[in-house]
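Novice: Sharing a structure here in structure tokens format.
The values are calculated or read from the model by the stated rules, or taken from the named source; none is laboratory data. Everything numeric in this text was worked out from a predicted model, so none of it was measured. With ideal geometry, Cβ positions are generated from the backbone for all residues, glycine too; neighbour counts draw on all protein chains shown.
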Amino acid sequence: MSNNLLAGKVGIISGALDERSIAWKVALKAHEQGARFVLTNAPLAMRLGEINGLAEQCGATIIPADATSMEDLEKLFSGAQEQLGGKLDFVLHSIGMSNNIRKGKAYGDLNYEWFQKTIDVSAMSLHKMLAVAEKQDAFNEWGSVVALSYIAAQRAFLDYTDMTQAKAMLESIARSYGQRLGKLKKVRVNTLSQSPTKTSAGTGISGFDAFYDFADKMSPLGNAPAEACADFCIALFSDLTRYVTMQNLMHDGGFSTTGISQEMADLMVKANS
Ligand SMILES: NC(=O)c1ccc[n+]([C@@H]2O[C@H](COP(=O)([O-])OP(=O)(O)OC[C@H]3O[C@@H](n4cnc5c(N)ncnc54)[C@H](O)[C@@H]3O)[C@@H](O)[C@H]2O)c1
């Protein structure tokens, strides 16, 4: 159902790879709520081609950009403003990639070149995007930036390897840039810490099914699905959340503040009997 929460708003949505992507659901909901936007993803992801169908459905233009390349990002932000006919109201950063995770490297055996790449793609890219936007004066006042994070930024999850540090840095960049852009332009910057979600990035993590089930059993509301994550993004892009900034907002069905659930306790008792 549409409440036209984003009527008249324009923005950039990164990271829609396929139908399972969180960004895919954000794009569909942003379109439903009246927003116009540019879709972007790495040129490599473009080759898969699925994003073309989404763009058609949403009446969006695609501007490919490797989020680690300042040159690509400059073209993305200037191109988006040109396409959309003015400055931007929202940006979704939904980008993550770790070769160490892809190759199943243990935390004690990380490849450091890949580690640096993980940081560049998954965290520093947010700083680069915001620096480009600032230099181009690309935001309207009361704009909103949301980047997707995970609770491993605060708690140790060894299988999440170097993405753990990337997410901690991502959340830190959101705080620092939130302070800067808030003062400069009344733009808010937040991270949204999402439950484990069955997407291409999510299911690539070793032991994903186990920690998906664990989080689901620990959370009083169960794991938050991607559609609900998209709803939260829409709320954060809307004018209803104008004074929420520099926050890491948990969207996890209560996982992060639960000690132990009855379901987990019952399982432990059963395993020990
Ligand atoms: N799936 C989960 O369990 C989960 C949980 C919490 C947070 N997140 C975060 O949500 C975000 C979206 O992930 P998702 O789960 O929808 O998976 P996804 O695989 O659908 O999305 C990740 C996206 O990052 C893009 N990407 C990778 N390298 C890039 C680069 N150099 N430049 C531009 N784009 C690049 C990919 O092409 C892909 O579209 C990520 O930041 C992820 O860490 C996911």
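Novice: Which count do you get for residues in region 215-228 that are more than 8 Å from the ligand (Cβ to nearest atom) and either among the hydrophobic types (A, V, I, L, M, F, W, C) or more than 19 Å from Leu249 (Cβ to Cβ) (or both)?
Specialist: 7
Novice: So, of the residues in region 63-73 that are part of a loop (DSSP other than H, G, I, E, B) and of a type in the set (A, V, I, L, M), which turns out to be nearest to the ligand (Cβ to nearest atom)?
Specialist: Across region 63-73, the extreme among qualifying residues is Ala67.
Novice: Still on this structure, please answer the following. Any residue at all in region 99-111 that is among the polar types (S, T, N, Q) and touching a Phe, Trp or Tyr at 6+ places or on another chain (Cβ under 9 Å)?
Specialist: Yes, because at least one residue in region 99-111 is among the polar types (S, T, N, Q) and touching a Phe, Trp or Tyr at 6+ places or on another chain (Cβ under 9 Å).
Novice: Of the residues that make up region 258-273, is at least one crowded, with 19+ Cβ neighbours inside 10 Å and either in contact with a strand residue (DSSP E or B) (Cβ under 8 Å, 6 or more places away or on another chain) or not in a helix (DSSP H, G or I) (or both)?
Specialist: Scanning region 258-273, I find no residue that is crowded, with 19+ Cβ neighbours inside 10 Å and either in contact with a strand residue (DSSP E or B) (Cβ under 8 Å, 6 or more places away or on another chain) or not in a helix (DSSP H, G or I) (or both), so the answer is no.
Novice: Oh, and also: Modelled with pLDDT of 95 or more, more than 17 Å from the chain's Cα centre (by Cα) and either surrounded by 17 or more Cβ atoms within 10 Å (Cβ to Cβ) or assigned to a helix (DSSP H, G or I) (or both): is that true of Lys217 in this structure?
Specialist: Answer is yes for this residue.
Novice: Let me ask you something else. May I ask you to say which residue of Arg102, Arg47 is in contact with a Gly (Cβ under 7 Å, 6 or more places away or on another chain) and either within 30 Å of Gly182 (Cβ to Cβ) or among the charged types (D, E, K, R) (or both)?
Specialist: Arg102
Novice: Restricting the search to region 145-159, which residues are modelled with pLDDT of 95 or more and within 20 Å of Ala226 (Cβ to Cβ)?
Specialist: Correct list: Val145, Val146, Ala147, Leu148, Ser149, Tyr150, Ile151, Ala152, Ala153.
Novice: Here are Leu76, Leu88, Leu92, Leu84: which of them is under 13 Å from Ala42 (Cα atoms) and either within 15 Å of the ligand (Cβ to nearest atom) or crowded, with 18+ Cβ neighbours inside 10 Å (or both)?
Specialist: So the residue among Leu76, Leu88, Leu92, Leu84 that is under 13 Å from Ala42 (Cα atoms) and either within 15 Å of the ligand (Cβ to nearest atom) or crowded, with 18+ Cβ neighbours inside 10 Å (or both) is Leu76.
Novice: Among the residues of region 48-65, how many are out of contact with any Leu (no Cβ under 8 Å at 6 or more places or on another chain) and surrounded by 17 or more Cβ atoms within 10 Å (Cβ to Cβ)?
Specialist: Matching residues across region 48-65 total 1.
Novice: Please determine, by comparing only the residues of region 189-214 that are part of a helix (DSSP H, G or I) and more than 11 Å from the ligand (Cβ to nearest atom), which one is nearest to Ile260 (Cα to Cα).
Specialist: Phe214
Novice: Out of all the residues in region 231-256, which are in contact with a strand residue (DSSP E or B) (Cβ under 8 Å, 6 or more places away or on another chain), more than 23 Å from Ser2 (Cα to Cα) and in a helix (DSSP H, G or I)?
Specialist: Ser256
One line per residue, one yes/no per condition, for (1) in a loop (DSSP other than H, G, I, E, B); (2) away from the ligand (no atom under 11 Å from the Cβ); (3) surrounded by 24 or more Cβ atoms within 10 Å (Cβ to Cβ); (4) polar (S, T, N, Q):
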position	(1), (2), (3), (4)
Glu141	no, yes, no, no
Ala152	no, no, no, no
Thr161	no, yes, yes, yes
Ile173	no, yes, no, no
Ser176	no, yes, no, yes
Lys183	no, yes, no, no
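Novice: Shifting gears a bit: Pairs, please: C-beta under 6 Å, at least 6 apart or cross-chain, first residue surrounded by 18 or more Cβ atoms within 10 Å (Cβ to Cβ) and in region 114-131, second among the acidic types (Asp, Glu) and in a helix (DSSP H, G or I)?
Specialist: Once the first residue is surrounded by 18 or more Cβ atoms within 10 Å (Cβ to Cβ) and sits in region 114-131, its partners that are among the acidic types (Asp, Glu) and in a helix (DSSP H, G or I) give Phe115/Asp162; Thr118/Asp162.
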